[in-house]
Each structure stands twice: as C-alpha cells, then as structure tokens.
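Participant: This is the structure I have questions about; it appears just below.
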Amino acid sequence: MLDFFLFKSFLAHRLAKIIYYLMLMAMFLGYLGMTGLAFVQDTTAGLIFLGVGFIGLVLSSIIFRVIMEVMVVIFEIHSELQELNKKFAGGQPAQSSAPVASQPMAHMSQPGHMMR
C-alpha cells in the first residue's frame, strides 16, 4: 500500500481493462445515440449512419485497444527494467561506465577559441 502512495506501483496498469471496457461502452452508447438522431432526421440518413457508424465503432475500438496495450507494455517494460536494475545493481541505480569530462567546455575559456 505504501508503494501506491510513493508512486512505485502504477495505477494505470491495474485499471487498463476497466478503462478499456468503460470507453468501449461509451463509444457504443454514443453510436446508438448518433444512430437514433440520424433516424429522427431521415430514414435514409439513419440507415447510412447505421452501417458507416458501425465501421467507425469497430475501427475506433481497435485503435483504442492498441493504445491501451501499448500503455500496458510500457508499464511492463518499466517493471522489468526495475527488476533487472535490482538484480544486477543490488537495488542501486546502475553506474555509467562512460568517462565523465571534468571540464567539458574548458577549451572555450582559452583566448581565441572561436578562431580555431
């Protein structure tokens, strides 16, 4: 429980299914409402929207599903990287093996550095 308040565990990862199903229901209810409005205006428009809207509903639900899966994969990658970091670095952040320059812009303090 403490991990939740310290942002060490992610809420979005646990809620991905719930968010997806709620959004799917909202899209379906929106589709029904828009189809109903199209039928009120004109029967032909209602029939056209019935087919075109259904295609849009299917495509948008697939796109939203892919977005949710990408989000879950990102959180899974983060979890795996944390486990690897704990395994290989003893729980401490891994030290970089790249050399660090003591004075990265030391050459600019010399006179005439712009003329080189």
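Participant: Exactly one of (1) modelled with pLDDT under 95; (2) out of contact with any Lys or Arg (no Cβ under 9 Å at 6 or more places or on another chain) is unmet by I55. Its number?
Facilitator: (1)
Participant: Being of a type in the set (V, I, T) and at pLDDT 65 or above is the filter here, so list the residues in region 63-116 that pass it. If you could, list the steps in order and put the result at the bottom.
Facilitator: Taking region 63-116 as the starting set, the residues that turn out to be of a type in the set (V, I, T) are 63, 66-67, 70, 72-74, 77, 100.
Selection gives I63, V66, I67, V70, V72, V73, I74, I77.
Participant: Give me the pairs, please: first residue somewhere in region 13-33 and within 14 Å of S61 (Cβ to Cβ), second residue anywhere and loosely packed, with under 11 Cβ neighbours inside 10 Å, beta-carbon distance under 8 Å, and either six or more positions apart or on two chains.
Facilitator: none
Participant: OK, next. Would you point out the residue of region 1-52, among those that are at pLDDT below 90 and of a type in the set (G, A, S), that is surrounded by the fewest Cβ atoms within 10 Å (Cβ to Cβ)?
Facilitator: If we take residues in region 1-52 being at pLDDT below 90 and of a type in the set (G, A, S), then A12 is surrounded by the fewest Cβ atoms within 10 Å (Cβ to Cβ).
The values are calculated or read from the model by the stated rules, or taken from the named source; none is laboratory data. A quick note: this is a predicted structure, and the numbers were derived from the prediction, not measured. Neighbour counts run over all protein chains shown; Cβ positions are idealised from the backbone, glycine included.
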